[in-house]
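Trainee: So that we are looking at the same thing, I have put the structure below in structure tokens.
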Amino acid sequence: MSGTELLRVDERDVAAWDDQADVVVVGYGCAGVCTALEARAAGGDVLVLERSGGPGGTSINSGGFLYCGGGTALQRALGYDDSVENMYAYMMAACGPEPDAALIQAYCEGSVAHFDWILEKGVPYKESFFAGAHEPFHSDDGLVYSGSEFAWPFNEIATPAPRGHAPQTIQDKGALLMNKLIAAAVAAGVRTAFGTRVESLVQAGDGRVVGAIAHTVEGRKRIRARKGLVLTAGGFIYNEDMLSRYAPLLKQCRYKVGTETDDGSGIRLGLAVGGEAIRMETGDISLPVFPPNDLRFGICLSEQGQRFINEDVYFGRIGEYALMHQAGRVFLLVDDEHFGRPENFPIEIAAAGETVEEVEAELGMPRGALVNTVAVYNEYAARGEDPLFHKGADWLAPIATPPFGVIDLSTESFVYTAFTLGGLWIDPQARVRGGGGDPIPGLYAAGRTTSGVAKQGYSSGMSLGDGSFFGRAAGRHAMTSRT
């Protein structure tokens, strides 16, 4: 399957079809099940092809967050004002470089109705707000700030509003979300074929994708898609060759978020029939040093002893800046008053001392580099100010109580988590676009097989959010297509 000739079959070479459906979906994660549900609701016969032995994909093991806003039922119930315009302003600022305005506009405009649709499928959400930062690991609270909405520079661009919607359970939030959606699909009569790996797409002479060739336990099968075929097969974090070619920095991240089926097969299938892939270098890169949140009173340092970010931002933004701008060579300096061990991963102490000078020497930094950084930070922190990076006043305090410790946050010593964000180029109807921007007839995609609303600047919930949202768009639009 290394060449495109093996990923594409001409319709003239298909003598007969072994199975067919109005809409054929490749992959049964969150994007796939939402595609199937919407196509089925429009009256279509839907067949989902999943290479694993059961449904769920990466989504079933995820944090289960949906990034929704604009005034959802949960936001309103908890007294948080939000609007389409406000959500759009934040996402356009955060989801760069060159955010896709058309995708983001559609996503923001449809967010309230989309969350209502999720509620209708039986996914429960507790009407409570998680006051900690980003991830309610130990609670079943329903609403949380899952990005950097409250941090500079975004709090000057858009009014902060929490948009992370978490299913009501303490653990296995992704499983709760997916099991409800899967149950809805079963009840709706969605057909499934597990242990079925799509090897090739079948393309007609006019460029239209009309089916797929799949390998099954019973042998190869030719499956016709009467109205549309939708690729929802995940990203490529488990494909070392594709990472080396497109996103080599992600190879430094020790923990891959996904499953072994996130091997880029959906992207390669789309490319083989003329689709265009964009932003293939991008990914979500998290540095989950928090909680405890008291560590935010510390300062993130480059190898040269300089600050490079405001420490109150989402840990995905810290991870992105650490890896992409500091080559993964960063530290966190904390004093004794605010030191704590990260809850989720073990740490290595890079240096410790009774004075900042001792820490500086132990790290091998030039004399005065760290001392001057801390002196400037402390001078302003004592006044509740951070003119360099604008960290929120709630997290500002002089680093003054010895001993001082430095946590090694380098890629060699700490756990960076990553998944890919680049993929097939789609329009707001989830149609796969070719190099000139025109859609490939009959071909759709959603989820991490695509380059969705986030390029960089990810916030928790955007992956399940855009996968479910544009999956539904694909299912709806495919059902309007000709036979």
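The values are calculated or read from the model by the stated rules, or taken from the named source; none is laboratory data. The shown structure was predicted, so the numbers you read here are calculated from the model rather than taken from an experiment. Cβ coordinates were reconstructed from backbone atoms using ideal geometry, including for glycine residues, and neighbour counts include every protein chain displayed.
Yes or no, residue by residue, for (1) surrounded by 18 or more Cβ atoms within 10 Å (Cβ to Cβ); (2) more than 30 Å from V9 (Cα to Cα); (3) within 20 Å of the chain's Cα centre (by Cα); (4) in contact (Cβ under 8 Å) with a residue 24 or more places away in the chain:
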residue: S111; (1), (2), (3), (4): yes, yes, yes, yes
residue: E120; (1), (2), (3), (4): no, yes, no, no
residue: S139; (1), (2), (3), (4): no, yes, no, yes
residue: S148; (1), (2), (3), (4): yes, yes, yes, yes
residue: I157; (1), (2), (3), (4): no, yes, no, yes
residue: G189; (1), (2), (3), (4): no, no, no, yes
residue: H215; (1), (2), (3), (4): no, no, no, no
residue: R224; (1), (2), (3), (4): yes, no, no, yes
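Trainee: Right, A183: assigned to a loop (DSSP other than H, G, I, E, B), of a type in the set (A, V, I, L, M), outside the structural domain of I309 (by TED's automatic domain parsing) and out of contact with any Ser or Thr (no Cβ under 9 Å at 6 or more places or on another chain) or not?
Mentor: no
Trainee: Among the residues that make up segment 200-208, is at least one of them under 17 Å from W17 (Cβ atoms), among the hydrophobic types (A, V, I, L, M, F, W, C) and outside any strand (DSSP E or B)?
Mentor: yes
Trainee: Given the criteria buried (at least 17 other Cβ atoms within 10 Å of the Cβ) and in contact (Cβ under 8 Å) with a residue 24 or more places away in the chain, does L409 qualify?
Mentor: Yes; evaluated as a whole, the condition is true for this residue.
Trainee: Also: If G384 passes every condition in (1) in contact with a Leu (Cβ under 6 Å, 6 or more places away or on another chain); (2) closer than 27 Å to E240 by Cβ but one, which one does it miss?
Mentor: Of everything listed in (1) in contact with a Leu (Cβ under 6 Å, 6 or more places away or on another chain); (2) closer than 27 Å to E240 by Cβ, G384 misses just condition (2).
Trainee: Kindly establish whether I267 is among the aliphatic types (A, V, I, L, M), crowded, with 21+ Cβ neighbours inside 10 Å and in contact with a Gly (Cβ under 6 Å, 6 or more places away or on another chain).
Mentor: Here the answer is yes, as I267 does meet what is asked.
Trainee: Ok, one more. How about segment 97-155: which of its residues are among the β-branched types (V, I, T) and either farther than 21 Å from K455 by Cβ or in contact with an Asp or Glu (Cβ under 7 Å, 6 or more places away or on another chain) (or both)?
Mentor: Within segment 97-155, V112, I118, V123, V144 meet the criteria.
One line per residue, one yes/no per condition, for (1) modelled with pLDDT of 95 or more; (2) out of contact with any strand residue (DSSP E or B) (no Cβ under 9 Å at 6 or more places or on another chain); (3) among the charged types (D, E, K, R):
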site: Q326; (1), (2), (3): yes, no, no
site: E357; (1), (2), (3): yes, yes, yes
site: Y377; (1), (2), (3): yes, no, no
site: F389; (1), (2), (3): yes, no, no
site: V415; (1), (2), (3): no, no, no
site: D427; (1), (2), (3): yes, no, yes
site: A430; (1), (2), (3): yes, no, no
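Trainee: Do you know which of the residues in segment 86-109 that are out of contact with any helix residue (DSSP H, G or I) (no Cβ under 8 Å at 6 or more places or on another chain) and on the phi < 0 side of the Ramachandran plot is surrounded by the most Cβ atoms within 10 Å (Cβ to Cβ)? Outline the logic, then answer.
Mentor: From segment 86-109, those out of contact with any helix residue (DSSP H, G or I) (no Cβ under 8 Å at 6 or more places or on another chain) are 86, 89, 96-98, 100, 102; that's our starting set.
From what's left, on the phi < 0 side of the Ramachandran plot: 86, 89, 96-97, 100, 102.
On the way: N86: 20, A89: 16, G96: 13, P97: 9, D100: 23, A102: 11.
The qualifying residue surrounded by the most Cβ atoms within 10 Å (Cβ to Cβ) is D100.
Trainee: When both residues are 6+ apart or on different chains and their Cβ atoms are under 7 Å apart, which pairs have a first residue that lies in segment 77-106 and is of a type in the set (V, I, T), and a second that is surrounded by fewer than 18 Cβ atoms within 10 Å (Cβ to Cβ)?
Mentor: V84/E109
Trainee: So, D394, is that one surrounded by 19 or more Cβ atoms within 10 Å (Cβ to Cβ) and either modelled with pLDDT of 95 or more or in a helix (DSSP H, G or I) (or both) or not?
Mentor: For D394, the condition - surrounded by 19 or more Cβ atoms within 10 Å (Cβ to Cβ) and either modelled with pLDDT of 95 or more or in a helix (DSSP H, G or I) (or both) - is not met.
Trainee: Pairs needed: first member in segment 455-476, free of Cβ contacts under 8 Å to residues at least 60 places away in the same chain; second member anywhere, among the polar types (S, T, N, Q) and buried (at least 24 other Cβ atoms within 10 Å of the Cβ); C-beta distance under 9 Å; at least 6 residues apart or different chains.
Mentor: Pairs that qualify, where the first residue is free of Cβ contacts under 8 Å to residues at least 60 places away in the same chain and the partner is among the polar types (S, T, N, Q) and buried (at least 24 other Cβ atoms within 10 Å of the Cβ): there are none.
Trainee: Among (1) buried (at least 20 other Cβ atoms within 10 Å of the Cβ); (2) of a type outside the set (S, T, Y); (3) out of contact with any Pro (no Cβ under 9 Å at 6 or more places or on another chain), which single condition is G364 missing?
Mentor: Condition not satisfied by G364: (1).
Trainee: If you don't mind, there's one more thing I want to ask. Could you pull out the residue among A418, A369 that is farther than 15 Å from F308 by Cα and either touching a His at 6+ places or on another chain (Cβ under 6 Å) or among the aliphatic types (A, V, I, L, M) (or both)? Talk me through it step by step, then tell me what you get.
Mentor: On the way: A369 fails: farther than 15 Å from F308 by Cα.
Residue meeting the stated conditions: A418.
Trainee: Going by the conditions given, is A277 aliphatic (A, V, I, L, M), in the same structural domain as G436 (by TED's automatic domain parsing), within 30 Å of L201 (Cα to Cα) and within 24 Å of the chain's Cα centre (by Cα)?
Mentor: So A277 passes the test.
Trainee: Return yes or no: is V356 free of Cβ contacts under 8 Å to residues at least 60 places away in the same chain, more than 30 Å from R226 (Cβ to Cβ) and crowded, with 18+ Cβ neighbours inside 10 Å?
Mentor: yes
Trainee: Quick check, is V453 assigned to a loop (DSSP other than H, G, I, E, B), under 30 Å from H165 (Cβ atoms) and modelled with pLDDT of 95 or more?
Mentor: Yes; evaluated as a whole, the condition is true for this residue.
Trainee: Could you figure out which of (1) within 30 Å of G56 (Cα to Cα); (2) crowded, with 16+ Cβ neighbours inside 10 Å; (3) of a type outside the set (A, V, I, L, M) isn't true of E343?
Mentor: So the condition that E343 fails would be (2).
Trainee: Right, next: Just to be sure, is Q429 in contact (Cβ under 8 Å) with a residue 40 or more places away in the chain, within 21 Å of L201 (Cα to Cα), surrounded by fewer than 24 Cβ atoms within 10 Å (Cβ to Cβ) and polar (S, T, N, Q)?
Mentor: Yes: the conditions hold for Q429.
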